[in-house]
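Read the structure below first, then the notes.
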């Protein structure tokens, strides 16, 4: 797990890492480790995440943007 975190951290364009970024990075690595079935796991085709939560990976939700990429967000103003 530490190697995966280091690999992603070294690919980021910044040098100093705020605590929120580190927390998100650890969450991302754990998320993807638990989203793939393990060859010595409990089930051969179902991931640990799916076994415990019942939720599967959705490509359109989980695979659109890589960790650490810059995006532009537009929020609509709500008029009351």
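For the chain, the relative contact order comes to 21 percent (Cα pairs under 8 Å, sequence separation of at least 6). Axis angle, to the nearest 10 degrees, between helix 19-34 and the longest C-alpha principal axis of the chain: 30 degrees. Rounded, prolate or oblate, given the Cα gyration tensor of region 2-62, with a/c below 1.5 counting as rounded? In terms of gyration-tensor shape, prolate. The sum of -39500 (n - 2.57) across all DSSP H runs of n ≥ 4, divided by the residue count of the chain, sets its helix-only mean residue ellipticity at 222 nm to -12500 deg cm²/dmol.
Mind checking the angle between helix 2-11 and the chain's longest principal axis? C-alpha axes, 0 to 90 degrees, to the nearest 10. Once rounded, the angle reads 30 degrees.
Only the coordinates and a few stated rules stand behind these numbers; no lab work does. Just so it is clear, the structure is predicted and the values come from calculations on it, not from any experiment.
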